[in-house]
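No value in this document is a laboratory result; all are computed from the given coordinates. Note that the structure is a prediction, hence the values are computed from the model and not measured. As a convention, Cβ positions derive from the backbone with ideal geometry for all residues, glycine included, and neighbour counts pool all protein chains shown.
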Amino acid sequence: MLRIFLLIVFLSVSVPAYPFISDHEIAFLQKKLEGKPVGERIAFWAEKFVGTPYDPDPLGEYVTKHVIVADERVDCMYLSFRTLELSLGGTPSEAIMIALDKRFKNRGRIVDGKVVNYENRFQRGEDMLDSGKWGREVTEAIGPITEIKGSRGSNKIKIISKDAIRSLLNTSAPHASHTSSFKSGDVLFFIKYPHQRVSDEIVGHIGIVKDEGGILYLIHAKGTKKKGGVVEKVLLTEYIGSMPFIGIRVSRFD
């Protein structure tokens, strides 16, 4: 009996619960969040995905299956897409309509329940940010700017360097993560070192900030397509201190 009890306890702790059970639950939470600042809603929905397994599909399961909703496994781009859609939509169906705008360079189309033009989707984080669909870029308002080599027609791009972020966050004191510059719901686009770009891509990862009483956290899909992973919530200082990126660009929805 004791072994059975311990097994039940172990399973209840170690097996992640998928964040969404039904459209009814999503609609209930969307209603509950009405009137809250959009940044708080973004951080709320991002946190709902914590514990969700990483999507190993190189294209993304949602692309391969030609669907909008594929919440069982996520990568960093899908996490950003779905979080924003749920935050801006007042109902599950509204979230899908928003997805047809925010995920695409032009607009997505659904025929017989399937997305038929995912070739028009955003495939690079820098294209999301530069499109104007992904909020207001606040990179220069947050910290000192460094210019680095661009790509694909952009000679230079402006970023906040890793060292500048660490200074902003005062990483000499691991738990002193407060800075008024970052806000809940800020979308961080992590920038690759120029020599690490494989096909002229600039953004290597995307995550979302959550501010809890002045302590800043990063919610992001940590993993790789070959090894898997999980959505996690970590101190922003902790992630910045060990991240393999040269810096960040930041967008914000007001």
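Tell me, what is the percent relative contact order of the chain, built from C-alpha pairs under 8 Å that lie six or more residues apart? Provide the component values of the computation, followed by the final result.
Details: 460 pairs, mean separation 58.7, N = 254.
For the chain, the relative contact order is 23 percent.
Comparing Met97, Met128, Met243 in a Gaussian network model of the chain, where Cα atoms under 10 Å apart are tied by springs, the biggest mean-square fluctuation is seen for Met243.
Provide the gained length on full extension for the span Lys156 to Lys133, in nm with one decimal, where the gain is 0.36 nm per separating residue minus the Cα-Cα distance. Intermediate values should be presented prior to the final figure.
Working: separation 23, 0.36 × 23 = 8.28 nm, distance 2.13 nm.
The Lys156-Lys133 span can extend by a further 6.1 nm.
When the chain is treated as a GNM with alpha-carbon contacts under 10 Å, the residue of Arg107, Arg41, Arg152 showing the greatest mean-square fluctuation is Arg152. Only aspartates and glutamates eight or more places from Lys183 in sequence, or on another chain, were considered; those with a Cα closer than 18 Å are Glu40, Glu47, Glu137, Glu140, Asp211, Glu212, Glu238, Asp254.
Too long at a 28 Å Cα-Cα cut-off: which of Lys158/Lys227; Lys65/Lys226; Lys65/Lys158? Too far apart for the 28 Å limit: Lys158/Lys227; Lys65/Lys158.
Matching the structure-derived Cα extents along the principal axes in Å against the labelled list [x] 58, 50, 41; [y] 51, 48, 36; [z] 60, 35, 30 gives the label [x].
Starting from 0.36 nm per residue, how many nanometres of slack lie between Asp200 and Ile148 once their C-alpha separation is accounted for? Numbers along the way, then the final one.
Values: separation 52, 0.36 × 52 = 18.72 nm, distance 1.33 nm.
Stretched fully, the Asp200-Ile148 segment lengthens by 17.4 nm.
A Cβ-based charge dipole, computed about the Cα centre of region 19-252 with Lys and Arg at +1 and Asp and Glu at -1, lands at about 440 debye.
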